[in-house]
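Asks: Questions regarding the structure given below will be posed in turn.
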Amino acid sequence: MSGMNPYLPFSSKILKVIRHTEKEYTFRMEFTGEVKPGQFFEVSIPKYGEAPISVSGIGNNFVDLTIRRVGRVTNEVFEHYEGDFLLLRGPYGNGFDTDLYGKGETVVIAGGTGVSPVRGVIQALSEMPNASDKHVIVGFRSPDDMLFRDDLKTWDEKLQLTLTVDGAPEGYEGNVGLVTKYIEGLPLKDPASAKAIVVGPPPMMKFTIIELKKKGFTDSNITVSYERKMCCGLGKCGHCRINDHYICLDGPVFNYEEAKDFVD
Amino acid sequence: MGYVLDTDGFAKVIGNLLDDYRIFAPVRKKGAGRFTDVDCVIYDEIKDASEIELEAKSDYSSKEFLTPLSETILYFTEEEVKEADLDQKPVLIFGRSCDLHALKRIDQIYLANGPAEDSFYKRRRGLVKCVLIGCGHSYDNCFCVSMDSNKCGDDYVFSVDLIDGKIHADVPDEEFDRIFSAAGGAVQDVTPRFVTENDVKVEIPDAIPNSIITNELWNEYTTRCINCGRCNFVCPTCTCYTMQDVFYSDNGKVGERRRVGASCMVDRYTDVAGGGQYRKTNGERMRFKVLHKISDFKKRFGYQMCVGCGRCDDICPEYISFSNIINKVNDAVKKEVKS
């Protein structure tokens, strides 16, 4: 009977804890099943509840879950360290098909923790032989809020990375400004056939898409991923529904041609 | 077969059924209504036929056994996670035609939305057989005829209509026929009563354009609605829930996971980590709920979610009428199509 219970979590060992910022850590969890970037797990800590966390990295025997200490459940996760166990269910959702972005000009635009679900896609792009037409714009609130610092260095070498922060203390030498600022200047040969992926907080996604359309991107070449309150991941609890779509089942990754009509 | 029994005969039938079934039926709670000396009709497990309220429409719907307001699903001990047990005794639920139609909607979400069946719902559902309460007349706020849920097929084990003190029962199920026949009632053809007209009528547009979402008609509910969520909790087709973990105070490592009813009208329904919230005003929440019931569910599954029982109107402390809103949406759509 228990095999048929989709709510029964399994126990997963914490292989490694990677600290990004004071509030954000990546938990490398033992996992050997099928999983794609952009999918999510329900991470449960008895006593506190469950939270949907997207997959930020995939390896032979692990998945990375990058968790921000912002809620009741995620606070408790930070009390668990290497060798301990967490309870997981998943993966859920459709995730990204990384193959789709191999050919032609591609731009990935991500803000804050929105980098987690697209990290696997950016990694795949960065491993392609000629990544001169693969652009990545990543924005964080401040230099202290930067995630995946080691990756950012690699990406900067292998593909066209623009790293920016919304604001910075005096003396900061990097880019300062919202991600939207860097779209107009993207050196694209043919924006109308270029592909874009946009993931981040709702206002960032809204204004990024406006800029992309101004640049000449078509709706059907834009892919978005949504963060909603997914209590079950199974299409039952109702919290993540938008119009006739369940983000946990039909998403969280959508083609913008479809998603442009979504109203919460 | 059909039977006509006096109340003693019916009491015998129920008495016999109680050996093999737990029976959930509308029960009148004296003085439990929202005003002084007003009763409330809720669903409860009965032990005697006299407890069953067959006349009044229940304030709460028949979903209560299948989707309890709070249900423990898992137990956590220090080393393992264990599924909660469930009483395996079969269950009879008394419901009206609208309630039986609503069951199809609940099944749709819990058993057929997405690849996974909800095991906790399924194990309850597998225990349930339905008893139809006939409707001799339409009740306040009912609009089942407009929603095409006033009549139901023969998906019940027997029906009951209380007419002039006698129970009229249509008994299509053989197992139950034996029990009715043993109770000594008169055998005669019985057709459960169904209403064919309601005072309240609604008209739902075939297609609701997205522009209705930003229509000003919702603004009224931002001020009138107090987002108490009662409409969701009495609705026979609302199925949303939230996970909740509870740990015992004497041993903090041992506890249980429950799922509790959730309301899309109540604060925190859309909250995400870090303080994001997707529908802040009560008008937006009303729009989300109404369009689910009369449009979004249909887009996904091909038939309307709302069954027209009118319980949301009956319970609303602000006298907001769901059927009125549907007709306002219809008017607004017509207006937009014209212009």
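The values are calculated or read from the model by the stated rules, or taken from the named source; none is laboratory data. Remember, predicted model here, so these are calculated numbers, not experimental data. Note: ideal-geometry Cβ built from the backbone for every residue, glycine included; neighbour counts use all protein chains shown.
Asks: Looking only at segment A:221-237, how many residues end up being at the interface with chain B (Cβ under 7 Å from one of its Cβ atoms) and of a type outside the set (A, V, I, L, M)?
Replies: Our first condition is that a residue be at the interface with chain B (Cβ under 7 Å from one of its Cβ atoms); within segment A:221-237, this holds for A:227-229, A:231, A:234-237.
If we keep only those that are of a type outside the set (A, V, I, L, M) as well, we get A:227-229, A:231, A:235-237.
Of the residues in that region, 7 qualify.
Asks: Determine which single condition B:Tyr278 fails, assuming it passes every other condition in (1) within 13 Å of chain A (Cβ to nearest Cβ); (2) within 19 Å of the chain's Cα centre (by Cα); (3) not β-branched (Val, Ile, Thr).
Replies: Failed condition: (2).
Asks: Still on this structure, I have one more. Inspect all residues belonging to segment B:126-148 and state whether any of them is within 18 Å of B:Ser62 (Cβ to Cβ) and within 14 Å of chain A (Cβ to nearest Cβ).
Replies: yes
Asks: Go through B:Asp59, B:Asp87 for me and flag whichever is buried (at least 18 other Cβ atoms within 10 Å of the Cβ), away from chain A (no Cβ under 14 Å) and either over 24 Å from B:Asp154 (Cβ atoms) or not polar (S, T, N, Q) (or both). It would help to see each step written out before you state the result.
Replies: Values: B:Asp87 fails: buried (at least 18 other Cβ atoms within 10 Å of the Cβ).
That would be B:Asp59, the only listed residue that is buried (at least 18 other Cβ atoms within 10 Å of the Cβ), away from chain A (no Cβ under 14 Å) and either over 24 Å from B:Asp154 (Cβ atoms) or not polar (S, T, N, Q) (or both).
Asks: What do you reckon, is A:Glu211 closer than 17 Å to A:Phe96 by Cα and either without any contact (Cβ under 8 Å) to a residue 40 or more places away in the chain or part of a loop (DSSP other than H, G, I, E, B) (or both)?
Replies: On the way: closer than 17 Å to A:Phe96 by Cα: no; either without any contact (Cβ under 8 Å) to a residue 40 or more places away in the chain or part of a loop (DSSP other than H, G, I, E, B) (or both): yes.
Against the criterion (closer than 17 Å to A:Phe96 by Cα and either without any contact (Cβ under 8 Å) to a residue 40 or more places away in the chain or part of a loop (DSSP other than H, G, I, E, B) (or both)), A:Glu211 does not qualify.
Asks: Does any residue of segment A:224-232 turn out to be basic (Lys, Arg) and touching a strand residue (DSSP E or B) at 6+ places or on another chain (Cβ under 9 Å)? Break it down into steps so the answer makes sense when it comes.
Replies: Residues of segment A:224-232 that are basic (Lys, Arg), as a first pass: A:228-229.
In the following step, the residues that additionally are touching a strand residue (DSSP E or B) at 6+ places or on another chain (Cβ under 9 Å) were identified as A:228-229.
Yes, because at least one residue in segment A:224-232 is basic (Lys, Arg) and touching a strand residue (DSSP E or B) at 6+ places or on another chain (Cβ under 9 Å).
Asks: Among all residue pairs at least 6 apart or on different chains, which show Cβ distances below 6 Å where the first residue, located in segment A:248-264, is over 14 Å from A:Gly93 (Cβ atoms) and the second is among the aromatic types (Phe, Trp, Tyr) and modelled with pLDDT under 95?
Replies: Note: pairs meeting the criteria are A:Asp264/B:Tyr278.
Asks: I want to confirm something. Restricting to segment B:221-244 and keeping residues that are within 13 Å of chain A (Cβ to nearest Cβ) and in contact with a helix residue (DSSP H, G or I) (Cβ under 8 Å, 6 or more places away or on another chain), which single residue is surrounded by the most Cβ atoms within 10 Å (Cβ to Cβ)?
Replies: Per the criteria, the residue is B:Cys238.
Asks: Still on this structure, I have one more. Within segment B:255-269, take every residue that is facing another protein chain (nearest Cβ under 8 Å) and out of contact with any helix residue (DSSP H, G or I) (no Cβ under 9 Å at 6 or more places or on another chain) and give me the one that is modelled with the lowest pLDDT.
Replies: Checking each candidate, the answer is B:Gly255.
Asks: Here is a list of conditions, (1) modelled with pLDDT of 90 or more; (2) not in a loop (DSSP other than H, G, I, E, B), and B:Gln244 meets all of them except one; can you say which number that is?
Replies: It fails just one condition, (1).
Asks: Also: Filter segment A:238-264 down to residues that are closer than 11 Å to A:Pro52 by Cβ and within 10 Å of chain B (Cβ to nearest Cβ), then give me how many there are. Step through it out loud before you land on a result.
Replies: In the first step, residues of segment A:238-264 are kept if they are closer than 11 Å to A:Pro52 by Cβ; the result is A:239-240, A:247-248, A:252.
Remaining after also requiring within 10 Å of chain B (Cβ to nearest Cβ): A:239-240, A:248.
Residues in segment A:238-264 being closer than 11 Å to A:Pro52 by Cβ and within 10 Å of chain B (Cβ to nearest Cβ): 3 in total.
Asks: Of the residues that make up segment A:129-137, is at least one under 23 Å from A:Arg149 (Cα atoms), within 14 Å of chain B (Cβ to nearest Cβ) and hydrophobic (A, V, I, L, M, F, W, C)? Steps first, please.
Replies: Here is the first cut: in segment A:129-137, the ones under 23 Å from A:Arg149 (Cα atoms) are A:129-137.
Still in the list and also within 14 Å of chain B (Cβ to nearest Cβ): none.
No, segment A:129-137 contains no residue that is under 23 Å from A:Arg149 (Cα atoms), within 14 Å of chain B (Cβ to nearest Cβ) and hydrophobic (A, V, I, L, M, F, W, C).
Asks: Same structure, new question: Here are some residues: B:Ser146, B:Ser181. Which one is within 23 Å of the chain's Cα centre (by Cα) and of a type in the set (Gly, Ala, Ser)?
Replies: Numbers: B:Ser181 fails: within 23 Å of the chain's Cα centre (by Cα).
The match here is B:Ser146.
Conditions tested, residue by residue: (1) acidic (Asp, Glu); (2) touching a Phe, Trp or Tyr at 6+ places or on another chain (Cβ under 9 Å).
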{"residue": "B:Glu174", "(1), (2)": "yes, no"}
{"residue": "B:Thr191", "(1), (2)": "no, no"}
{"residue": "B:Asn215", "(1), (2)": "no, no"}
{"residue": "B:Trp218", "(1), (2)": "no, no"}
{"residue": "B:Cys231", "(1), (2)": "no, yes"}
{"residue": "B:Gln244", "(1), (2)": "no, no"}
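Asks: Return yes when B:Ala183 is on the phi < 0 side of the Ramachandran plot, among the small types (Gly, Ala, Ser) and touching a residue at least 12 places away in the same chain (Cβ under 8 Å) and no when it is not.
Replies: Numbers: on the phi < 0 side of the Ramachandran plot: yes; among the small types (Gly, Ala, Ser): yes; touching a residue at least 12 places away in the same chain (Cβ under 8 Å): yes.
Here the answer is yes, as B:Ala183 does meet what is asked.
Asks: While we're here: Any idea which of B:Val38, B:Val27, B:Val81 is within 14 Å of chain A (Cβ to nearest Cβ) and β-branched (Val, Ile, Thr)? Write out each step before concluding.
Replies: Working: B:Val38 fails: within 14 Å of chain A (Cβ to nearest Cβ); B:Val27 fails: within 14 Å of chain A (Cβ to nearest Cβ).
Answer to the check: B:Val81.
Asks: Something else now. Report, by residue number, each residue of segment B:295-339 that is surrounded by fewer than 16 Cβ atoms within 10 Å (Cβ to Cβ) and either within 14 Å of chain A (Cβ to nearest Cβ) or free of Cβ contacts under 8 Å to residues at least 24 places away in the same chain (or both).
Replies: Result: B:Lys299, B:Gly302, B:Tyr303, B:Tyr319, B:Asn324, B:Asp331, B:Lys335, B:Val337, B:Lys338, B:Ser339.
Asks: Return the total of residues in segment B:256-278 being closer than 18 Å to A:Pro52 by Cα, touching a Gly at 6+ places or on another chain (Cβ under 9 Å) and touching a residue at least 60 places away in the same chain (Cβ under 8 Å).
Replies: 1
Asks: For A:Pro202, indicate whether it is facing another protein chain (nearest Cβ under 9 Å) and surrounded by fewer than 16 Cβ atoms within 10 Å (Cβ to Cβ). Walk me through how you get there before you give the answer.
Replies: On the way: facing another protein chain (nearest Cβ under 9 Å): yes; surrounded by fewer than 16 Cβ atoms within 10 Å (Cβ to Cβ): yes.
Judged against the criteria, A:Pro202 is a match.
Asks: Report those helices (runs of 4 or more DSSP H) wholly inside segment B:278-318 carrying at least 2 residues which are more than 23 Å from B:Ala112 (Cα to Cα). It would help to see each step written out before you state the result.
Replies: On the way: elements: B:282-291, B:297-301, B:311-315.
Hits in segment B:278-318: B:282-291, B:311-315.
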